[in-house]
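First the structure, in the form of structure tokens, and then the observations on it.
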Amino acid sequence: MRSAELHNEIKELNLAYLMLAQQLIREDRDTAMFRLGISDEIADLLENLTPGQVLKMSGADMLLCRFRFDDRLLLGLLSSHDRESGMARLHAMILAADKPVEAIA
Amino acid sequence: MYTAMRNKSVVTEGREIQRAAELIELGARLQILEAETSLSRERLLKLYKEVKGESPPKGMLPFSTDWFLTWQPNIQASLFMSFHRFMVENAGMHGLDAIIKAYRMYVEHVQYNGMEQVLSLTRAWTLVRFFDANMLKVARCERCGGQFVADVFDLTRGYVCGLCHVPARAGKTRRRLEQFNAEQGTKVTV
């Protein structure tokens, strides 16, 4: 991928992420915190970003969402192709719910 | 009764009716409505019929903790409790709000994944009451580290959850077998 293209891809993903996050938080804040894995403070922060700020952040040239689970078992469950994938997802959900949320230092 | 009605604000009553209607839609039994609102039984009955178009089921609430310890209910109850814990610890919710939110997430997860939903709102509500009354607790699975519903008197050192170690006959209820036999034309029995 050429570098200009790469920058664009990152920007678009950031934009999509921030806009989705804002939408989720506005629709149902508590469920959004769970889905996004973020704390109350970060939810506030994201919700209050103006469109201008969202655009500006998106162009930061680095991804704004980070790899969420550093847990081999959980990743294994999420990526498994078992016949019982429903059970694997349920198991993953139980484990993921216990993970600490992203918070602001 | 008369004084209670007189002292109650109309706004409060309006909120309670709304809350009760939400609970009824989610499948709550009359006992839950009586415990969670201060509306009279007559009003609740009327409301129930209006929302559901039928009379509420009679009889007692399920009162045994054992149900939550059998395989399928245990897994799903543990999922519900995970959501509930998240709502209490991270979203600062409590009481009925946390139960309703966790229950909605539970139903959504089960439906999205095409699984059989075994927990009713009434069961979920009872489950939280059992936790509050110290009749049930969560045990941490030794293998996956997840937290699962367990009897408060269970010895949970070295506990392994029903998902890490799926019992041979897990989920193969009589109903499932009948369904299976009907589809396959076989005559497997329990």
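The values are calculated or read from the model by the stated rules, or taken from the named source; none is laboratory data. Because the structure is a prediction, the values reported are computed rather than measured. When we count neighbours, we look across all protein chains shown, and the Cβ atoms used for this are built from the backbone with ideal geometry, even at glycine. In case anyone asks, the SASA skips ligands and DNA or RNA and just uses the protein heavy atoms, side chains included. Shrake-Rupley method; radii C 1.70, N 1.55, O 1.52, S 1.80 Å.
Annotations for the structure displayed:
- Here is the figure for the range A:43-58: residues that are of a type outside the set (A, V, I, L, M, F, W, C) and either part of a loop (DSSP other than H, G, I, E, B) or touching a Ser or Thr at 6+ places or on another chain (Cβ under 8 Å) (or both) total 2.
- Number of the exception - residue A:90 against (1) more than 11 Å from chain B (Cβ to nearest Cβ); (2) among the aliphatic types (A, V, I, L, M); (3) closer than 30 Å to residue B:161 by Cα: (1)
- Cβ-Cβ under 8 Å pairs, at least 6 apart or on other chains, the range A:64-78 side touching a residue at least 40 places away in the same chain (Cβ under 8 Å), far side in a helix (DSSP H, G or I): A:64/A:14; A:64/A:17; A:64/A:18; A:64/A:57; A:64/A:58; A:65/A:13; A:65/A:14; A:65/A:17
- A residue that is closer than 27 Å to residue B:103 by Cβ, assigned to a loop (DSSP other than H, G, I, E, B) and of a type outside the set (Ser, Thr, Tyr) can be found somewhere in the range A:83-98.
- The range B:108-128 residues that are under 16 Å from residue A:93 (Cα atoms), paired with ones that are part of a loop (DSSP other than H, G, I, E, B) (beta carbon under 9 Å, 6 or more apart): B:109/B:115; B:110/B:116; B:110/B:117; B:110/B:118; B:110/B:119; B:111/B:117
- Yes/no for residue A:58 being under 18 Å from the mean Cα position of the chain (by Cα) and surrounded by 16 or more Cβ atoms within 10 Å (Cβ to Cβ): yes
- Boolean, residue B:82 is over 13 Å from the mean Cα position of the chain (by Cα) and not hydrophobic (A, V, I, L, M, F, W, C): no
- Residues that are buried (at least 17 other Cβ atoms within 10 Å of the Cβ) and aromatic (Phe, Trp, Tyr), drawn from the range B:105-130: B:106, B:125, B:130
- Flag for residue B:138 being closer than 19 Å to residue A:92 by Cβ, in contact with a strand residue (DSSP E or B) (Cβ under 6 Å, 6 or more places away or on another chain) and open to solvent by 40 Å² or more (accessible area, probe 1.4 Å): yes
- When residue B:47 is tested against the conditions (1) hydrophobic (A, V, I, L, M, F, W, C); (2) closer than 30 Å to residue B:167 by Cβ; (3) away from chain A (no Cβ under 14 Å); (4) open to solvent by 10 Å² or more (accessible area, probe 1.4 Å), the lone failure is (2).
- Residues being in a helix (DSSP H, G or I), of a type outside the set (A, V, I, L, M, F, W, C) and surrounded by 14 or more Cβ atoms within 10 Å (Cβ to Cβ) - total across the range A:20-34: 4
- Exactly one residue out of A:19, A:57, A:33 is within 12 Å of another protein chain (Cβ to nearest Cβ) and in contact (Cβ under 8 Å) with a residue 24 or more places away in the chain: that is A:33.
Residue by residue, here is whether (1) assigned to a helix (DSSP H, G or I); (2) open to solvent by 100 Å² or more (accessible area, probe 1.4 Å) holds:
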residue	(1), (2)
A:18	yes, no
A:41	yes, yes
A:63	no, no
A:66	no, yes
A:76	yes, no
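- Residue within the range B:76-88 that is free of Cβ contacts under 8 Å to residues at least 40 places away in the same chain, closer than 24 Å to residue A:27 by Cβ and open to solvent by 30 Å² or more (accessible area, probe 1.4 Å) present: yes
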